[in-house]
Each structure stands twice: as structure tokens, then as C-alpha cells.
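Structure first, commentary second.
The values are calculated or read from the model by the stated rules, or taken from the named source; none is laboratory data. Small disclaimer: the values here were computed from a predicted structure and weren't measured. Counting neighbours? That spans all protein chains shown, and the Cβs are built from the backbone with ideal geometry, glycine included.
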Amino acid sequence: MSTTAHALEPLASPRRARAGIALVFGVHGAVSGSFVTRIPWIQDRLDLSPGQLGLALVMPAIGSSLAMPLAGRFVHRYGGRAAVRGLISLWCLALALPALAPSLPVLCVALLAYGASAGMADVAMNAQGVEIEQRLGRSIMSGLHGMWSAGGLLASGFGILAAHLDLDARLQLAVTALVLLALAQPVCRNLPDLRAPEGTEEPPRFALPPRSSLVIGLVGFCAVFAEGASMDWSGVYLRDVTGASATIAAASYTAFSLTMAVSRLCGDAVVRRLGAVRTTRLGGAVATVGGLLVVVADSPALAIPGFALIGIGIAVTVPLAFAAAGRIGSNPSQAIAGVATVTYTSGLVAPAIIGALAQATSLTVSFGLVTALAFALLLSAGALRRAERNSPGSGSGAEDAAVAAAAATTPPGGTSAKDLSAI
């Protein structure tokens, strides 16, 4: 738990807090899944070369990295509930922008705005999830990120159907944006209105992340690098290295995403039993074995299980990194923004580094790097230990005192830490 208690407005039911934030994660993932499926339509409409499309697709990551540090100010000024509602609404509406762009420069600007809204909403909802997890006294962050993956998979299914029916992406994405916007509004009403204590100084408009969050961010960096490399290059690897058919190669992204989603939905039970540090180390070992299988594979039958093991091994690392960041300082949103910036920068550079290394050597050597970073999780997992000591149920006297203070400041009829722990 963060070192400053947060006041909670009354909730109709504490169970709705957990369900509400889970659905927010699902909506966020659905926006991403909807957009990805219509990228080919956008490329064809604007007649973009692969290089031009690559330039455009860098913009969301740049927008996210630039805007994430601003999210803490929104949360401080407007409260957790209003910040999540406003930013997730902005993210839903941003879905319609890329398909409306008439040219490459306008598309780049649209994707920059799209990424900025995505990053700020991501920080706000993760901060909300961390605070609810703290009051629950048990891990829920892996499941929340699993809901993100599930939302993306479900929305991508509708997007694939729309593409198959040759629907205009401008219409499809606009309608999807409005549907998701309408869904997000009642969901956000169930969130607790987490606020900083009175008298807390408002964070600056743009603040560098705390140094402690950068160490945790390096753990996430390793996991996201492996995730980005596997998602973007697994199909190419299966086709070019193992001789897989086009159908099997094309299905690799869906299979990897499904593995990630299922692992995240099941990951909280593992975290509760083993703790964050041991879970991360176990995941690093599993991902390392998977990477070794990929590197030595000479057939799809060996490479596909290897990619599956990479997905299983890294699935819960990023949720654990976000949860850890939210426990180490007085401003969870700023710490989470720092971790998110480091981890998502990894996702930005991973595909390019893999491609450049493959060009200079081979794809097999490239995934040797992925395997090395998976192994690094075994060595760096200890960075989560400080946050784990501060987590609920750890027996820390300071933590017990903070929970007691939060309960004591709950308004009449409100939701206390004890009530939330019963969810």
C-alpha cells in the first residue's frame, strides 16, 4: 500500500469496485484489439508503403511515453474515479481518429493523440487497480491484465469479422468507439473515488519517475521485450526458420495472445501462494525454457510450445511490476507512470531491435537475446521484494497502521478497508 492513506466515498457494494475496474481494463483492451484488426484497411486506403506504415505505428508508443507522466496530475486533481472515467472515455473516442485520417501526416498526428490517451488511461486505471488490491489484501492485478487481454481478443474477433465483410473501417471504428464509451460510463460509477489526503501537494505537470520505480521498470522491460518480440516476430520465425505453412504462421499471434490472457486470468492464484518475487523467478525460468526451445527448433512442433512457454512465463510480470510500483512511494500514479514508461518503451524498441539483429545475423540469434532477457527475470526479480514486504498480509506493522487509518477516515456509510477485503 502507498504510504499515504486515501479516502473513499461511499460505495453501493464493495464487490462492484473489483468488477468495475476489471471491466475498465476490458474496455481498454477492446479499443486496442479493435484498432489492430483494421490497420491493413488504413494502409490500403492511404496507399502506405511498409516503411510509411511503420513510421505511423511508432506514434502511439511515442504519445503514450510522453503523456503517461501527466496522468498523476489528473488523478490528484479530480480523484481516481473521475480521472479513470474521463481518460477511458477519451481513449474510446480516440479509436475513431486513425481511420478518418486523409493522409500520412494526419494519421501520424491522430496516432500520437491515440497513444497519449491510451497511456494516461493506462496509468489511471492501474493506479486504481493497485489501490483496490491493497484494500482487498490479495493479488488481483494479474487478473485485471487478463481482462485487458480478453477484451482485446474479443474485440479483435469483431474486427476480423468486419474486415471479412468488407465494412468501411471509418464506420466500424466509430460505432465501436461509441459502444465502448457507453459501456464505460456505468462501469466507472462503481469505482471508489480514491483521493490524496487534504494538504498533499499537487504533482507537477511533468515529473520524472522516482528512481525506485525505474529499478522495478527494468523487470517489466525484460518481460515486455520478450512479449513484443514474440507477438511481432513469431509468425515470421515459424515461416522462415521452421518452414511452417502460412496458415500456422498467421495463427501464431492469436495463439500467443490467448496463452497470455489465460495465464494472466489464472496468475493471481499463483501470486497469492508464492508471492511476487518467487512468481517472477518461476516465470523467468519457464520463459527461458521456452526461449531455448524456440532457438533450437527446426520444426513448428518445437517452436510453437516454445512461444507458448514464453507467453506463460512473462504473463504476470508486468501486472506485478505495476502493483509493486504502487506500493513504494507517496504518489502511486507517478511511480506507476515511471514503470509504464520504461516497460512500454521496451515494447517500442523490441521489434526494431529483433529486426536489426536478424538482418545482421539471423532470427535464431535474435531470439537468443529474448532468451537472455527472460533469464534476466530470474536475476532481477528481487527488485519486487521491497514492495512485497509492504503488501497487505505481509505482517508489516506500518501497513497495518495505514489500513487502520484508512478505515478510521471512512465516512459514515462508506466502504472501509475491512469491507473491501471481503470482496
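Residues in the range 178-193 that are part of a loop (DSSP other than H, G, I, E, B) and buried (at least 16 other Cβ atoms within 10 Å of the Cβ): ASN190, LEU191, PRO192, ASP193. Of the residues making up the range 232-247, those that are in contact (Cβ under 8 Å) with a residue 40 or more places away in the chain and touching a helix residue (DSSP H, G or I) at 6+ places or on another chain (Cβ under 6 Å) are ASP232, TRP233, SER234, TYR237, LEU238, VAL241, THR242, ALA244.
Here is a yes/no grid of residues against (1) more than 20 Å from GLU131 (Cα to Cα); (2) touching a Gly at 6+ places or on another chain (Cβ under 6 Å); (3) surrounded by fewer than 22 Cβ atoms within 10 Å (Cβ to Cβ); (4) modelled with pLDDT under 85:
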site: HIS164; (1), (2), (3), (4): yes, no, yes, yes
site: LEU167; (1), (2), (3), (4): yes, no, yes, no
site: THR176; (1), (2), (3), (4): yes, no, no, no
site: LEU208; (1), (2), (3), (4): yes, no, yes, yes
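When you check SER149 against the structure, is it buried (at least 17 other Cβ atoms within 10 Å of the Cβ) and either within 25 Å of GLY72 (Cβ to Cβ) or in contact (Cβ under 8 Å) with a residue 24 or more places away in the chain (or both), yes or no? Taking the combined requirement at face value, the residue satisfies it. Those helices (runs of 4 or more DSSP H) of the range 35-118 in which at least 3 residues are under 20 Å from TYR344 (Cα atoms) and modelled with pLDDT of 90 or more, considering only elements entirely within it, cover 80-94. Among the residues of the range 12-34, those identified as in a helix (DSSP H, G or I) and of a type in the set (S, T, N, Q) are SER32, SER34.
Among the candidates GLY143, GLY129, GLY159, the residue that is of a type outside the set (A, V, I, L, M, F, W, C), crowded, with 22+ Cβ neighbours inside 10 Å and within 22 Å of ILE39 (Cα to Cα) is uniquely GLY159.
Listed by position, the helices (runs of 4 or more DSSP H) enclosed by the range 212-306 that each have at least 2 residues that are hydrophobic (A, V, I, L, M, F, W, C), at pLDDT below 90 and crowded, with 20+ Cβ neighbours inside 10 Å are 252-274.
In the range 296-311, the residues that are free of Cβ contacts under 8 Å to residues at least 12 places away in the same chain form Cβ pairs under 9 Å with partners that are in a helix (DSSP H, G or I), at six or more places apart or across chains, as follows: VAL296/LEU302; VAL296/GLY306; VAL296/THR364. Filtering the range 343-360 for residues that are within 12 Å of the chain's Cα centre (by Cα) and either over 24 Å from VAL58 (Cα atoms) or not in a helix (DSSP H, G or I) (or both) leaves an empty set.
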